[in-house]
1. Putting +1 on Lys and Arg Cβ atoms and -1 on Asp and Glu Cβ atoms, find which of 83, 291, 243 reaches farthest to the positive end of the dipole of the chain.
2. How far is it, in nm, from the label point at residue 173 to the one at residue 250 when both lie 7 Å from their Cα along the line to the Cβ?
3. To the nearest 10 square angstrom, how much accessible area does residue 282 have with a 1.4 angstrom probe?
4. Looking only at 81, 112, 166, which one moves most when the chain is put into a Gaussian network model with springs between Cα atoms under 10 Å?
5. Suppose a student asked you for the relative contact order of the chain, using Cα pairs under 8 Å spaced at least 6 residues apart; what percent would you report?
6. What share of all Cα pairs of the chain, in percent, falls into each consecutive 10 Å distance bin?
7. What's the longest uninterrupted piece of the chain once you rule out the GluC sites (Glu not before Pro) that are loop residues per DSSP with at most 13 other Cβ within 10 Å?
8. Between residue 258 and residue 144, what FRET efficiency comes out of the Förster formula 1/(1 + (r/R0)^6) with R0 = 41 Å and r the beta carbon distance, rounded to 0.05?
Amino acid sequence: MGRAAIHRRLELKGEDAVEWFAVRGWDVLSTSSNVLHLFADELITNTVAVRRIWHSPVSLGRTPRSSGRTAALTHSLLFQVNNQVQITSGGGTTELRKYGTAVFPLSVTSRVQSTRATARIEIDLSIPAAAGTSGLVALHAVHEPLQTWHVATSLVNAVLNSEVDVADAPFASIRSSLESAALSVVAETYANARAVRPLRSDELYEEALGAIRDGSHDTEFTVEELARRLLISRRYLARVFAQRGTSPRAVLRETRASRARRLIDLQGDAADLEQVAALAGFSSSRTLREALRATATAEAMPFGVARKDAH
């Protein structure tokens, strides 16, 4: 990776915060605030990366190809300090609350999502097979404070709050202590937690419906984007919906059409279909009309040529 470095008291907003996550292997998938806001302290070496971060609500995604600057590290260890995050990794999902600990491999597609501002400590490290955790290939989580939780977080805070420099003679010992503390947490987590099971088909379907409701107003929200947010392939997504006699595309279109009908009912004869289309998530009034015709029932077709259509 290069030389070790310590960065303290970082405050980043907007694109700068997005870039900070990207360099560390995380893509910003969505935010629920106007501007992404991040505070961070971090220590990065070629064998361990330690971060203390606070950020506004955000959904972060990681794929093996976006491993970023910590590509040599194999696992990520999360200590939740405030509020909670939802972690999805390798098909398993868990809600990590205050004092919870999670470990997951960096070699699989993962997501960390928060709906409120949240604070946590992260340690990325390389776990040798000799550590006795070579089977740690799935998301593992413990929701009660571990004995090693307080030891590791106290050590991280002490290092990041200190004025130690990577060029100082004691730094090698400090780095070794961080690695040992992290491995102790991993071992205790692995001993006390079962692998988080993958989402069942019905759970995934409900999560997909929620994502469609949240994203369908955006004209750029597509089935491809839906699969990306759920961290699954389009083929598997299609199979989940096919089991219920529909498709992601059909549900997305119906969701937008239903929103458009409500808007038209509110606006009455003065409805501007171009404006309605944009608000409902359609790219044009033409695609809106096509969707309305395709999804309408006999009692839901009092619009179309009678409505004002702006060009």
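1. Towards the positive end, the residue furthest out is 243.
2. Roughly 6.8 nm, to one decimal.
3. Around 20 Å² of this residue is reachable by solvent.
4. Maximum fluctuation in the GNM of the chain, among the listed residues, is at 166.
5. Details: 567 pairs, mean separation 41.7, N = 311.
Answer for the chain is 13 percent.
6. 6, 24, 28, 19, 12, 8, 3, 0
7. Looking at the chain, 1-162 is the longest stretch - no exposed GluC sites (Glu not before Pro) with at most 13 other Cβ atoms within 10 Å.
8. 0.45
The values are calculated or read from the model by the stated rules, or taken from the named source; none is laboratory data. Because the structure is a prediction, the values reported are computed rather than measured. Positions of Cβ are backbone-derived with ideal geometry, glycine not excepted, and every protein chain shown enters the neighbour counts. Surface areas here come from the heavy atoms of the whole protein model, side chains and all, with no ligands, DNA or RNA. Shrake-Rupley method; radii C 1.70, N 1.55, O 1.52, S 1.80 Å.
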